[in-house]
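Working notes for the structure below.
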Amino acid sequence: MSDAGHPGPVAPVRRGNLRWAICALLFFSVALNYICRNIIGILKMPLSNELHWSESDYAHVASAFQFAYAFGYLFGGRLMDRIGVKRGLPLAVFCWSLASAAHGLCALLPRGGTVTLALPLISTAALTVPLTVLGFVAARVTLGLAEGGNFPAAIKAVAEWFPVRERALATGLFNAGTNAGAILCPFAVPRLYDVWGWPVTFYVTGALGVFWLAAWWWLYEAPERHRRLAPAELAYIRADQPPAAEPKVTVPWMILLRHRAVWAYIAAGILAGPVWTIYMFFLPDFLQKYHHLDLVAVGDWTAVFYFVASFGGVAGGWLAGYLLGRGWSLNAARKVSLLACALAVVPIFLAPSVPAVWLTVLIVGIAGSAHQGWSANLFSFVSDTMPRQAISSVVGLGGFVSYFTGGVVAELIGLILQRTGSYASIFTAASLMYLLSLLILHLLVPRIGGAPRA
């Protein structure tokens, strides 16, 4: 007490920052996730040349990941809820690191060996593929299934470790790992390949997960049981959380499918969502073929593409918020934002015909950035139109449909390249998908307003 009988100055409470170290672990897991999935696109040309793959062979490898990731995305969240983040996330990282390294073991398979697979849906058809393709497909399927658990686990960890007021910031920070991984992969992989070849490149990327696992087991524990978490920080984490978890309400699929907004979201997932497949698995090959670059230059320009694309999610979300702040209706702000993103993609049809590589990357980079802005507004469209208890289910369903369709698209791209050797029709189709998606969305949901009741 002071002489005047009033309390003296209160010393600030030292809360600690252990929760941000947990966020850093999540950031690096996401970055590793993107490095391991994107490496195949960077190495498409040397793998195809050395292992004598056709365009269709490579397409089988690319689509295998997409199909598997669709199911991993759909069921990964349920696995994390069942076994918890402490065991679930390292299990996922261990499995995808092992799968990434297993790509390198395919070098031990006979180069001239083939296997014939019967196609059960077509009784008289069979598919003959090289053994190396089958090995890569097995590794990619394991990779896709394991990586599907990453984002649900990261979001669950944020909910455990952060107060409500900091969760959006923490989510944004760990999600920035997607950009870091996508930029680092094309920069580092060609240089690793030049020194050690492709098998060791896969071993190195797989081994990175071992370091992450060591850090995770050393640092991570649930907040209530963490020995290094200060009581003040634990109190801060729990301060604005509800005293008891809200009861989980599951909306039956048949009820969800009665809503036009769900079909609009699914349509956008089928048409526009798989365009990202072009960038992830085929952009390096496109740059090499059209501009005759070496692998290091291809990687550097691909890194520039991902750097440009990384700004789109923020810009797309800002535009919708700006329009709402100017007094626009939710319907107008959301659809105009989607329209702006859709129009920014249209010039991508010019990419195969421009002579300068920097201009090609600029055109494709703006389209990739627009895709990110489109995705941000499309996720918000679900929140705009669906009851709260149905949002996760709709997003999960849309993600499954989008990634599964991405697998089909990868196969179609392989067939087109096999027959024509040209990316022109591929980029032309991509330039129209967003406008077509928006048209369908507008026809199904003429006015975005209050969420319907399920």
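The values are calculated or read from the model by the stated rules, or taken from the named source; none is laboratory data. Just so you know, these numbers come straight off a predicted model, no measurement behind them. Every residue, glycine as well, gets a Cβ built from its backbone with ideal geometry; the counts of neighbours run over all protein chains shown. For accessibility, only protein heavy atoms count, side chains too; no ligands or nucleic acids. Shrake-Rupley method; radii C 1.70, N 1.55, O 1.52, S 1.80 Å.
Looking across the range 296-312 at every residue that is open to solvent by 30 Å² or more (accessible area, probe 1.4 Å) and assigned to a helix (DSSP H, G or I), the one that is nearest to Ser422 (Cα to Cα) is identified as Trp301.
Screening the candidates Ile348, Ile391, Ile366 for the property of being without any contact (Cβ under 8 Å) to a residue 60 or more places away in the chain, hydrophobic (A, V, I, L, M, F, W, C) and touching a Ser or Thr at 6+ places or on another chain (Cβ under 8 Å) yields one hit, Ile391.
Considering Gly181, Gly209, which residue is modelled with pLDDT of 90 or more, surrounded by 21 or more Cβ atoms within 10 Å (Cβ to Cβ) and within 23 Å of Arg87 (Cα to Cα)? Matching residue, one of Gly181, Gly209: Gly209. Candidates in the range 314-331 are the residues that are more than 26 Å from Asn179 (Cα to Cα) and touching a helix residue (DSSP H, G or I) at 6+ places or on another chain (Cβ under 7 Å); of these, the one that is most open to solvent (accessible area, probe 1.4 Å) is Leu324.
For (1) touching a residue at least 40 places away in the same chain (Cβ under 8 Å); (2) open to solvent by 60 Å² or more (accessible area, probe 1.4 Å); (3) under 18 Å from Gly41 (Cα atoms), each residue gets a yes or a no:
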position	(1), (2), (3)
Ala410	yes, no, yes
Leu415	yes, yes, yes
Ile426	yes, no, yes
Ser431	yes, no, no
Tyr434	yes, no, no
Ser437	yes, no, no
His442	yes, yes, no
Val445	yes, no, no
Gly449	yes, no, no
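Give, as residue ranges, the helices (runs of 4 or more DSSP H) completely inside the range 214-290 that count at least 2 residues that are at pLDDT below 95 and not aliphatic (A, V, I, L, M). Those helices (runs of 4 or more DSSP H) span 231-239, 260-271. Take Leu378 and decide whether it is closer than 24 Å to Ala182 by Cβ, among the aliphatic types (A, V, I, L, M) and open to solvent by less than 20 Å² (accessible area, probe 1.4 Å). Yes, satisfied.
So that you can scan it fast, the table gives a plain yes or no per residue for (1) at pLDDT 80 or above; (2) in contact with a Leu (Cβ under 9 Å, 6 or more places away or on another chain); (3) open to solvent by 10 Å² or more (accessible area, probe 1.4 Å); (4) assigned to a helix (DSSP H, G or I):
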position	(1), (2), (3), (4)
Leu91	yes, yes, yes, yes
Ile122	no, no, yes, no
Thr132	yes, yes, no, yes
Phe136	yes, yes, no, yes
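Looking at the range 262-279, which of the residues that are open to solvent by less than 10 Å² (accessible area, probe 1.4 Å) and more than 17 Å from the chain's Cα centre (by Cα) is farthest from Tyr434 (Cα to Cα)? It comes out as Val262.
Just one of the listed residues (Pro347, Pro355) is out of contact with any strand residue (DSSP E or B) (no Cβ under 8 Å at 6 or more places or on another chain), open to solvent by 20 Å² or more (accessible area, probe 1.4 Å) and not in a helix (DSSP H, G or I), namely Pro355.
Scanning the range 394-408 for residues that are under 11 Å from Phe67 (Cα atoms), open to solvent by less than 40 Å² (accessible area, probe 1.4 Å) and not aliphatic (A, V, I, L, M) yields Ser402, Thr405, Gly406, Gly407.
Scanning for something open to solvent by less than 50 Å² (accessible area, probe 1.4 Å), among the hydrophobic types (A, V, I, L, M, F, W, C) and at pLDDT below 95, does the range 1-15 turn up at least one residue? No, there is no match, as no residue in the range 1-15 is open to solvent by less than 50 Å² (accessible area, probe 1.4 Å), among the hydrophobic types (A, V, I, L, M, F, W, C) and at pLDDT below 95.
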